[in-house]
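Q: Just dropping this structure here.
Rule-based calculations on the coordinates, nothing more; no lab input. Keep in mind that what you see is a predicted model, and the values were worked out from it rather than measured. Cβ coordinates were reconstructed from backbone atoms using ideal geometry, including for glycine residues, and neighbour counts include every protein chain displayed.
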Amino acid sequence: MRVLVTGSTGFLGRRAVEALHTDGHEVRCLVRTPGYEDRFQARDLDVHYGSVSDKAALRSAMYDLDAVVHLVAIIRERGSTTFDSVNGQGTQNVATAAAESGVGHFVHVSAIGADGTSTYPYLRSKGQGEAAVVASGIPYSILRPSILFGLGDEFISTLSAIVRAFPVVPIIGTGSTLLQPIEIEDVAHCVAITVRDEPTMAPVEIGGPEHLSYLDIVKILCRTLNVSRAYMPVPLTILQNSARVMEALLPSPPATREQLRMAALPNVTDPDSVHQNFHFHPRPLEGNIDFIKTITRWDGLKTALGIRSARLQGTRPQGD
């Protein structure tokens, strides 16, 4: 099959491209920043340059395709790069171009909790993106993963840096919010299987094999890093006030107010969801995050100062 991947140089995109290439597909990559294609292990890829806001570039990349895998998304806003412009309108642009080109299967990676009427801007934008895919008329599949982890992630790496650097770890509220971290290579495998299978015509939620509280995750990070830390519950309102100051002063705050607000939301589905839908067992968080062992105290201090180190990114800064 001939497959176009948007967001191909991003955290999930790089893994999805490799998984699709390994499966024998002819992979075409939409790359926003020329030169970023050197991130791919496979070299026999068809590379087109452009962004999801460039309708002409999208049209020029949409010829002679069997499927489109749409992965471009942002999890924090910067200036004019907003949730609505990327997660919402950007998805609309890609779906429209795919429909005009007669693509037979549109695979869209969304998020658990996506809802076009949500009061949470990120989840609302993801819901708007899903609605655009459904309205396009293309046979579609929508994947809604929980929190992603792996080398170059944001959540686990940032939290690990804080755990490494400081003797006391702030816990959001009571730390009881449930999450279901899923390994990035497993998500890429789900994407490749989805391309191969018939369109689901409905969202499919996926997550790792365990429901873990925020505090459970912090304890796993401590065990992995072999450090002993005290835990300090902090009310969400206090953390959001701190985030407001950091957003004003720091280039890349450890967490935004919106991310903290969403941290109070459960982010889980059936623990057996991957096995039921894709017939393999995803990896648990503990035992599969050795990459955080390379994080230093200095990385943690830089993270607290709003500077995301190359070690945490797993590569140079990501583009789409």
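Q: Could you check which residue among Gly208, Gly113, Gly35 shows the biggest mean-square fluctuation in a GNM of the chain with a 10 Å Cα cutoff?
A: Highest fluctuation of the listed residues: Gly35.
Q: Mind checking the dipole of the stretch 149-221: about its Cα centre, +1 per Lys or Arg Cβ, -1 per Asp or Glu Cβ, Debye to the nearest 20?
A: My answer is approximately 360 debye.
Q: Something else about it: Starting at the first residue of the stretch 36-53, write each ³J(HN,Hα) from the Karplus equation 6.51 cos²θ - 1.76 cosθ + 1.60 with θ = phi - 60°, in whole Hz, x for Gly and Pro.
A: The phi angles translate into 5, 5, 6, 6, 7, 6, 6, 10, 8, 10, 8, 10, 10, 9, x, 10, 6, 8 Hz.
Q: Compute the angle between helix 214-225 and the longest alpha-carbon principal axis of the chain, please, reported from 0 to 90 degrees and rounded to the nearest 10.
A: 80
Q: Under a 5 Å amide H to amide H cut-off, with H placed in plane at 1.01 Å, what residues pair with Phe40 once short-range neighbours are removed?
A: Amide H to amide H, under 5 Å and 5 or more residues apart or across chains, Phe40 pairs with nothing.
Q: Taking the simple approach of a point 7 Å from Cα along Cα-to-Cβ for both Tyr63 and Asp197, what is their distance in nm?
A: Result: 3.4 nm between the two label points.
Q: In the chain, if the dipole is taken from +1 on Lys/Arg beta carbons and -1 on Asp/Glu beta carbons about the Cα centre, which of His279, Tyr120, Val191 is farthest to the positive end?
A: Working it through, the farthest residue towards the positive pole turns out to be Tyr120.
Q: Could you tell me what percent of the DSSP beta bridges with both partners in the stretch 71-211 are antiparallel, to the nearest 5? Each step should come with its number before you reach the end.
A: On the way: 1 of 11 bridges.
Here the share of antiparallel DSSP bridges comes out near 10 percent.
Q: Still on this structure: Over its Cα atoms, what ratio of radius of gyration to 2.2 N^0.38 Å does the stretch 153-297 give?
A: For the stretch 153-297, the normalised Cα radius of gyration is 1.15.
Q: Let me ask something else about it. Using only Cα atoms, locate the centre of the stretch 230-272 and the centre of the stretch 282-300, then give the distance between them in Å, rounded to an integer.
A: Taking the Cα centre of each part, the stretch 230-272 and the stretch 282-300 sit 20 Å apart.
Q: Can you show me the helix-derived [θ] at 222 nm for the chain, built from DSSP H runs with n ≥ 4 at -39,500 (n - 2.57) apiece and divided by the number of residues, rounded to the nearest 500.
A: That calculation yields -11000 deg cm²/dmol at 222 nm.
Q: Search the structure for amide H atoms under 5 Å from the amide H of Val5, placed 1.01 Å from N in the peptide plane, and list their residues when 5 or more places away or on another chain.
A: Arg28, Cys29, Leu30, Val69
Q: Just how large is the dipole of the stretch 104-228 about the Cα centre, in debye to the nearest 20, putting +1 at every Lys and Arg Cβ and -1 at every Asp and Glu Cβ?
A: Using only the charged Cβ atoms, the result is roughly 340 debye.
Q: Okay, next question. Quick one: order Ser110, Ser8, Ser118 by neighbouring beta-carbon count within 10 Å, fewest to most.
A: With the sparsest Cβ surroundings first, the list reads Ser118, Ser110, Ser8.
Q: Specify the residue with the greatest mean-square fluctuation among Gln89, Gln276, Gln180, computed from a Gaussian network of the chain linking alpha-carbon atoms under 10 Å apart.
A: Looking only at Gln89, Gln276, Gln180, the biggest GNM fluctuation is shown by Gln276.
Q: If you don't mind, another one. May I ask which residue of Thr96, Leu71, Val133 lies farthest towards the positive end of the charge dipole of the chain, with charges of +1 (Lys, Arg) and -1 (Asp, Glu) on Cβ and the Cα centre as origin?
A: Going by the Cα projections, it comes out as Leu71.
Q: Among Glu258, Glu26, which comes first, then next, by fewest other beta-carbon atoms within 10 Å?
A: With the fewest neighbours first, Glu258, Glu26 line up as Glu26, Glu258.
Q: Quick one: Cα centre-to-centre distance for the stretch 75-100 and the stretch 45-65, in angstrom?
A: 14
Q: Right, next: Indicate, rounded to the nearest 5 percent, the antiparallel portion of the DSSP beta bridges found entirely in the chain.
A: Values: 3 of 35 bridges.
Around 10 percent antiparallel, to the nearest 5.
Q: Then there's this: Return the long-range amide H neighbours of Leu143 (sequence gap of 5 or more, or a different chain), with a cut-off of under 5 Å between placed amide H atoms.
A: Result for Leu143 returns His108, Val109, Ser110, Val204.
Q: Next question. Kirkwood Rh and Cα-based Rg: tell me the resulting Rg over Rh for the chain, rounded to two decimals.
A: 0.96
Q: Let me know the number of lysine pairs in the chain closer than 27 Å at the Cα, not counting same-chain pairs under 8 apart. Let's see the in-between values first.
A: Values: Lys55/Lys126; Lys219/Lys293; Lys219/Lys302; Lys293/Lys302.
Summing the qualifying lysine pairs gives 4.
Q: Of Phe40, Ile142, Ala202, which is farthest towards the positive pole of the chain's charge dipole, taken about the Cα centre with +1 and -1 on the beta-carbons of Lys, Arg and Asp, Glu respectively?
A: Towards the positive end, the residue furthest out is Phe40.
Q: Okay, moving on. Using θ = phi - 60° and the Karplus form 6.51 cos²θ - 1.76 cosθ + 1.60, what ³J(HN,Hα) does each residue of the stretch 275-285 get, whole Hz, x for Gly and Pro?
A: 5, 5, 9, 10, 6, 8, 9, x, 7, x, 5
Q: By per-residue mean of other Cβ atoms within 10 Å, what is the highest-first order of 232-245, 49-62? Can you show the working numbers first?
A: Numbers: 232-245: 13.6, 49-62: 18.0.
Per-residue Cβ counts within 10 Å, averaged per peptide and sorted highest first, yield 49-62, 232-245.
Q: Quote the charge dipole size of the chain about the Cα centre in Debye, to the nearest 20; the model charges only the Cβ of Lys and Arg (+1) and of Asp and Glu (-1).
A: Its charge dipole is roughly 1320 debye.
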